Amino acid sequence: MIRTDRLLLRPATWDDLDAVHRLFSNPRAMRYWSRPEHETLEETRHWLRFLVEPAADSLDLLVEKDGEVIGKAGAWQLPEVGFLLHPDHWGKGLAHEAMAAVIAHVEAAFPALPELTAEVDPRNDASLRLLGRLGFRETRREERTLLWKDEWCDSVWLARPRSS
């Protein structure tokens with residue numbers, strides 16, 4: 001569990017299914033995610049298993065504000081980190097606050113990890129700006145890396161060396 005000024009980042013439980021589904025079924029939230037929005041609760045239940053029963057190289061946490069699950073942040077598979085926030089909470093600095101806390105926690109928990117990485121759709125300007133403010137720098141780009149519904153999307157990869 002990680003606490004910040006406004007947020008609680010915590011492991012998921014099966015009781016979070018409905019809250020996580022509200023996030024993952026939102027088309028705006030999922031626009032630049034690795035897959036389109038979830039259409040059924042069963043899709044979310046399948047995905048939630050990876051949060052409830054994480055792999056050893058995973059540190060993916062739910063983000064709560066005032067007792068409400070508003071997103072997720074962390075590492076599905078280290079060293080790659082990522083975040084997802086419900087659109088109702090965009091533009092308030094909450095993703096930055098969550099990711100800054102995640103970065104500090106990951107660096108403390110995995111001292112041998114030389115860097116963190118992220119993959120972003122290059123059209124996702126807000127995420128690219130946020131990662132830039134957190135010290136991530138572009139390392140490469142590639143076209144047509146992901147088929148999202150019927151649309152090919154590109155990727156930009158970023159890296160952040162561990163803090164000194």
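Do we have any residue at all in the range 13-23 that's free of Cβ contacts under 8 Å to residues at least 60 places away in the same chain, of a type in the set (Asp, Glu), part of a helix (DSSP H, G or I) and surrounded by fewer than 18 Cβ atoms within 10 Å (Cβ to Cβ)? Yes, the conditions are met somewhere in the range 13-23. Each residue in the range 112-164 was checked for being within 19 Å of His96 (Cα to Cα), outside any loop (DSSP other than H, G, I, E, B) and not hydrophobic (A, V, I, L, M, F, W, C), and 12 pass. Taking (1) at pLDDT 90 or above; (2) buried (at least 16 other Cβ atoms within 10 Å of the Cβ); (3) assigned to a loop (DSSP other than H, G, I, E, B) in turn, Pro54 satisfies each apart from (1). Would a scan of the range 57-78 turn up a residue that is surrounded by 17 or more Cβ atoms within 10 Å (Cβ to Cβ) and basic (Lys, Arg)? Yes, some residue in the range 57-78 is surrounded by 17 or more Cβ atoms within 10 Å (Cβ to Cβ) and basic (Lys, Arg). Every listed requirement among (1) touching a residue at least 24 places away in the same chain (Cβ under 8 Å); (2) small (Gly, Ala, Ser); (3) under 25 Å from Thr139 (Cβ atoms); (4) not in a strand (DSSP E or B) is met by Ala29 save one, (3). Is there a residue in the range 93-111 that is in contact with a Phe, Trp or Tyr (Cβ under 7 Å, 6 or more places away or on another chain), assigned to a loop (DSSP other than H, G, I, E, B) and either in contact (Cβ under 8 Å) with a residue 40 or more places away in the chain or within 21 Å of Asp15 (Cβ to Cβ) (or both)? Among the residues of the range 93-111, not one is in contact with a Phe, Trp or Tyr (Cβ under 7 Å, 6 or more places away or on another chain), assigned to a loop (DSSP other than H, G, I, E, B) and either in contact (Cβ under 8 Å) with a residue 40 or more places away in the chain or within 21 Å of Asp15 (Cβ to Cβ) (or both), which makes the answer no.
The values are calculated or read from the model by the stated rules, or taken from the named source; none is laboratory data. In this text the structure is predicted, and so the values were computed from the model without any measurement. With ideal geometry, Cβ positions are generated from the backbone for all residues, glycine too; neighbour counts draw on all protein chains shown.
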